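Coordinate-derived values only; no laboratory data. What you are looking at is a predicted structure, and each value in this text was computed from that prediction instead of being measured. Positions of Cβ are backbone-derived with ideal geometry, glycine not excepted, and every protein chain shown enters the neighbour counts.
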Amino acid sequence: MAQLIVRRLDDDVKKRLKARAKKHGRSLEAEARLILEDAAKKGVSGRRPRTKEKSFGALMHERFKKSGLTEEESKLFQEGIDELNANWKLQVPTFDE
């Protein structure tokens, strides 16, 4: 495993990191490690890599499956949403008279 030494860290930053670590029940080192790992996962853009988003119908099925929404109903619901989206047209206004 690699080691990293951070020099010239502001005392206030260290104090806040210690408070954050205590809040999460971790050591200062473990908290710093977690923060660095999370930052590294986000990549260069500063954001986490996008995962494929679930469709609205799939989310509705997940949310309401206990109340009886079947796979077929979920599929039909998603088809309806897709049909609405297909008929949606963006209209850019013109300001010419």
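Between F64 and N85, the FRET efficiency from the beta-carbon distance, with R0 = 25 Å, is close to 0.75. Under the criterion of Cα pairs below 8 Å and six or more residues apart, the relative contact order for the chain equals 13 percent. Listed by Cβ neighbour count within 10 Å, with the fewest neighbours leading, R16, R8 appear as R8, R16.
Dividing the convex hull volume of the alpha-carbon atoms in the chain by its residue count gives 288 Å³ per residue.
Computed over neighbours whose Cβ is under 15 Å from that of M1, the net charge equals -1, Lys and Arg +1, Asp and Glu -1. Between V13 and K52, what is the FRET efficiency for a Förster distance of 35 Å, r being their Cβ-Cβ separation, to the nearest 0.05? Step by step, r from the Cβ atoms, then E = 0.45.
Counting charges near S27 (Lys, Arg +1; Asp, Glu -1) among other residues having Cβ under 10 Å from its Cβ returns a value of +2.
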